[in-house]
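Worksheet for the structure shown next.
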Amino acid sequence: MEGAQLAIRLLNDRGYWVFVVTNQAGVARGYYEEADVQRLHRWINAELGKSGAQVDQFYYCPHHPEFDRDCDCRKPKPGMLLQAMKEWPIDLPGSFLIGDKSTDLEAAEHANITGHMFRSGDLHAAVAQVIGQNQID
């Protein structure tokens, strides 16, 4: 995604914790294993590390109500966000979620944080705008 590495590095540099919260119904459907999701997350962080960026924690929901079970972690439910809030010293008033689906924004609302829709374009520019950064590094 255009600007993703720079966006994450900008957040890292400004003192934000960076989390990925993702529904992975492919696990419940049998398309791939949780180990594959974890391997992908390690690869993403290794690639980000090449530009001085990092995701602090990946959270994923491997469930789907039509294939295995309903749960509290699958977005639009806020379970993954609430888990991050328990595990990390998060400043809730300064926290936000950027997502590409309405379920992302619903999860943010349920967790009492601001949600921002991002479907395409330069993620770095979008993040800079969200955090009020006038000059893009």
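The values are calculated or read from the model by the stated rules, or taken from the named source; none is laboratory data. On a predicted model such as this, the values are computed, not experimentally measured, just so you know. Using ideal geometry, Cβ is built from the backbone for each residue, glycine included, and neighbour counts are taken over all protein chains shown.
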List the residue pairs whose Cβ atoms are under 8 Å apart, where the first residue sits in region 114-132 and is at pLDDT 95 or above and in a helix (DSSP H, G or I), the second is surrounded by fewer than 16 Cβ atoms within 10 Å (Cβ to Cβ) and among the β-branched types (Val, Ile, Thr), and the two are 6 or more positions apart or on different chains. His124/Ile136; Ala125/Ile136; Ala128/Ile136
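In region 48-62, how many residues are more than 12 Å from Ala7 (Cβ to Cβ) and in a loop (DSSP other than H, G, I, E, B)?
Residues of region 48-62 that are more than 12 Å from Ala7 (Cβ to Cβ), as a first pass: 49-50, 52, 54, 56-62.
From what's left, in a loop (DSSP other than H, G, I, E, B): 50, 52, 54, 56, 62.
Summing the residues that are more than 12 Å from Ala7 (Cβ to Cβ) and in a loop (DSSP other than H, G, I, E, B) in region 48-62 gives 5.
Can you tell me how many residues within region 78-110 are basic (Lys, Arg) and within 14 Å of the chain's Cα centre (by Cα)?
Just the residues of region 78-110 that are basic (Lys, Arg), to begin with: 86, 101.
Within this subset, residues satisfying the condition of being within 14 Å of the chain's Cα centre (by Cα) are 101.
Number satisfying all stated conditions: 1.
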Mind listing whichever residues of region 10-35 are among the charged types (D, E, K, R), touching a helix residue (DSSP H, G or I) at 6+ places or on another chain (Cβ under 8 Å) and part of a helix (DSSP H, G or I)? Glu34
Subset of region 1-35, residues among the aliphatic types (A, V, I, L, M) and surrounded by 14 or more Cβ atoms within 10 Å (Cβ to Cβ), comes to Ala4, Leu6, Ala7, Ile8, Leu10, Leu11, Val18, Val20, Val21, Ala25, Val27, Ala28
Contacts under 6 angstrom Cβ, first residue in region 1-18 being farther than 20 Å from Gly121 by Cβ and among the aliphatic types (A, V, I, L, M), partner assigned to a loop (DSSP other than H, G, I, E, B) and at pLDDT below 95, 6 or more apart: none
